[in-house]
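The values are calculated or read from the model by the stated rules, or taken from the named source; none is laboratory data. The structure presented is a predicted model; accordingly, all values stated were derived computationally and were not measured. Don't worry about glycine lacking a Cβ; one is built from the backbone with ideal geometry, like all the others, and counts go over all protein chains shown.
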Amino acid sequence: MDPAPPSRRRSAEELADYLVEIGAALAGCGCPSYRVEEAIQVVAAAEHRRAQAFVLPTGLFLRVHGDAGDSAAVGDPGDPARVELDAQRMVRVHAWSLDLADLVAVDEIFNDVAERRMSIEDARAAIRALPTRPPTYPASLVWLANSLVSGAAAVFFGGTRVDVVVALAVGALLGLALAWLGRAPSRQLLLEFSAGVLAAAGASAALLVRPDAHPEIVVLAATITFFPGMTFTTGLAELAQKNLVSGGARLMEAFMTLLHLVLGVALVIGVRQMAQVVVPTVTTPPPGLPLVWQGAALVVSAVGFGVVLSVPRRYLWSAIVSGAAAYLVTALAAHRLPAHLGAFLGAFVVCMLANVLARVTHRPAQLFQLPGMLLLVPGSFGFVALGAFLRGDLVGGATRGFAMVLVGGALVVGVLLANALLPPRKVL
């Protein structure tokens, strides 16, 4: 592609069209609102213009200032002395997910534009072509990764070998059923509720065959990829960055996701009680599995989350490194520090490591940060807290809910401190 002439200054209208598309693409692949706003301002500044952006999870408002500010244009269109108007844009973001392959692709596009290796017209065409690209990993591999992550999560939750096998089996069946549900837009709104129903039903059925299984661990592990822990933590981070509307919206999204999951589980329990089906339960807490199982679960979960997050294949190793850093720090801190301090240290180390890798590879820091953060986010706390509230255990629910907020806040502070001490060279 021919580079754009270096001496040509792009018009406010031309730049606005480009910025609104790249901002929508970043928001669609899960980039926090404050990072999207900062990226837009940085790109506009590189073009010697000033831009203002207001980003929400569901939309983007943008203004690129012309030569005249808010005043009217002066002169005829062909007059070289004519003053340029501001350019304003608005776009709706209909769907968003954590897709690190798209994030890397968008990062490469606006790097090429900034360095005049690509014209804005070519960049906009490349951004519009992103949804038509083949997926980073085939659907069958994503399904396998989700299933294996469920089995690994049972290890982290202190389950037995039976719990690991049952969680893996229930997670696999859950993935097949939800793949069918996700094909129709009307059914996609029921994904979390259906996940809760299917996980609870699968755990109950497994207990009839293996009474020594622990249903709470199975349900938590089988639905681990649905927990909105990252959404909750991102919402707190946006509030800390004074993005109050976006942060509040993400917190409400996280709450509704947890509520749908818990209501699905509660429905199965209610039906079971009405039908007077007695399911054997184990009252003694599980002893947990040896260290070798923990190590295997760490590798499996890190690679699995890397596949689920669409980490590019050439960077899949970084998911293991990031996950190992998160696990080792929290495991060492667990015996000496409260959970929220362990989460703070884990987030600090993961973010510092991610910023170092971002500087070395010239890629977005989120590429290296998110796989490790997923092992730290407090989604299971919220799930257990809402379940306690539904059972009428107000004290237990409030305790676990407060623990979720405390851990989430500790993660945010750890990330903020790491970014202050060692900021990445790139805005993403």
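For every residue, the table says whether it meets (1) touching a Gly at 6+ places or on another chain (Cβ under 8 Å); (2) outside any loop (DSSP other than H, G, I, E, B); (3) surrounded by 19 or more Cβ atoms within 10 Å (Cβ to Cβ).
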{"position": "Gly304", "(1), (2), (3)": "no, yes, yes"}
{"position": "Arg314", "(1), (2), (3)": "no, yes, no"}
{"position": "Ala331", "(1), (2), (3)": "no, yes, no"}
{"position": "Gly342", "(1), (2), (3)": "no, yes, yes"}
{"position": "Ala347", "(1), (2), (3)": "yes, yes, yes"}
{"position": "Phe368", "(1), (2), (3)": "no, yes, yes"}
{"position": "Leu375", "(1), (2), (3)": "yes, no, yes"}
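Where in segment 125-221 are there helices (runs of 4 or more DSSP H), lying wholly inside it, with at least 3 residues that are within 28 Å of Gly372 (Cβ to Cβ) and not aromatic (Phe, Trp, Tyr)? Walk me through it before giving the result.
On the way: elements: 139-156, 161-181, 185-188, 191-209.
Passing ranges, in order: 139-156, 161-181, 191-209.
If I ask for residues that are over 15 Å from Ser97 (Cα atoms), of a type outside the set (A, V, I, L, M, F, W, C) and assigned to a helix (DSSP H, G or I), which ones from segment 18-58 would you list?
Taking segment 18-58 first, the residues over 15 Å from Ser97 (Cα atoms) are 18-22, 34-35, 37-55.
Keeping just the survivors that are of a type outside the set (A, V, I, L, M, F, W, C) gives 18, 21, 34-35, 37-38, 41, 47-50, 52.
Within segment 18-58, Tyr18, Glu21, Tyr34, Arg35, Glu37, Glu38, Gln41 meet the criteria.
Being among the aromatic types (Phe, Trp, Tyr) and within 19 Å of Glu253 (Cα to Cα), is that true of even one residue in segment 365-383?
To start, the set of residues in segment 365-383 that are among the aromatic types (Phe, Trp, Tyr) comprises 368, 381, 383.
From what is left, the residues that are within 19 Å of Glu253 (Cα to Cα) are 381, 383.
Scanning segment 365-383 turns up at least one residue that is among the aromatic types (Phe, Trp, Tyr) and within 19 Å of Glu253 (Cα to Cα).
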query = Asn419 is checked against (1) outside any helix (DSSP H, G or I); (2) at pLDDT 90 or above; (3) surrounded by fewer than 21 Cβ atoms within 10 Å (Cβ to Cβ); (4) of a type outside the set (Asp, Glu) and fails just one. What number does that condition carry?
reply = (1)
query = Residue check: is Ala388 closer than 29 Å to Ala354 by Cβ, of a type outside the set (Ser, Thr, Tyr) and surrounded by 15 or more Cβ atoms within 10 Å (Cβ to Cβ)?
reply = no
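Taking the condition within 30 Å of Leu416 (Cβ to Cβ), in contact with an Asp or Glu (Cβ under 7 Å, 6 or more places away or on another chain) and of a type in the set (Ser, Thr, Tyr), does Thr225 pass?
Numbers: within 30 Å of Leu416 (Cβ to Cβ): yes; in contact with an Asp or Glu (Cβ under 7 Å, 6 or more places away or on another chain): no; of a type in the set (Ser, Thr, Tyr): yes.
No, not satisfied.
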task = Those residues that are in contact with a Lys or Arg (Cβ under 9 Å, 6 or more places away or on another chain) and modelled with pLDDT under 90, I need them from segment 279-318; list them, please.
result = Val279, Leu289
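Just name the residue that is surrounded by the fewest Cβ atoms within 10 Å (Cβ to Cβ) out of those in segment 140-166 that are of a type in the set (S, T, N, Q) and without any contact (Cβ under 8 Å) to a residue 40 or more places away in the chain. Before you say what the answer is, go through the steps one by one.
Here is the first cut: in segment 140-166, the ones of a type in the set (S, T, N, Q) are 140, 146-147, 150, 160.
This time we only want the ones that are without any contact (Cβ under 8 Å) to a residue 40 or more places away in the chain, so: 140, 147.
Details: Ser140: 9, Ser147: 23.
Ranking the qualifying residues of segment 140-166, first place goes to Ser140.
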request  = Working carefully through the options Ala169, Ala179, Ala145, find the one that is outside the structural domain of Gln52 (by TED's automatic domain parsing), under 25 Å from the mean Cα position of the chain (by Cα) and modelled with pLDDT under 90.
outcome  = Ala179
key: Residue selected from segment 176-188 under the condition surrounded by 12 or more Cβ atoms within 10 Å (Cβ to Cβ) and either without any contact (Cβ under 8 Å) to a residue 12 or more places away in the chain or among the basic types (Lys, Arg) (or both), by the criterion farthest from Ser97 (Cα to Cα)   = Arg187
remark   = (1) surrounded by 14 or more Cβ atoms within 10 Å (Cβ to Cβ); (2) β-branched (Val, Ile, Thr); (3) out of contact with any helix residue (DSSP H, G or I) (no Cβ under 7 Å at 6 or more places or on another chain) all hold for Val277 apart from (1)
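Every residue, every condition in (1) modelled with pLDDT of 90 or more; (2) surrounded by 19 or more Cβ atoms within 10 Å (Cβ to Cβ); (3) hydroxyl-bearing (Ser, Thr, Tyr); (4) out of contact with any helix residue (DSSP H, G or I) (no Cβ under 7 Å at 6 or more places or on another chain), yes or no:
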{"residue": "Val74", "(1), (2), (3), (4)": "no, no, no, yes"}
{"residue": "Pro77", "(1), (2), (3), (4)": "no, no, no, yes"}
{"residue": "Ala87", "(1), (2), (3), (4)": "yes, yes, no, no"}
{"residue": "His94", "(1), (2), (3), (4)": "no, no, no, yes"}
{"residue": "Val106", "(1), (2), (3), (4)": "yes, yes, no, no"}
{"residue": "Glu115", "(1), (2), (3), (4)": "no, no, no, yes"}
{"residue": "Met118", "(1), (2), (3), (4)": "no, yes, no, no"}
{"residue": "Pro134", "(1), (2), (3), (4)": "yes, no, no, yes"}
request  = Taking the options Gly295, Gly323, name whichever one is assigned to a helix (DSSP H, G or I) and within 26 Å of Lys426 (Cα to Cα).
outcome  = Gly323
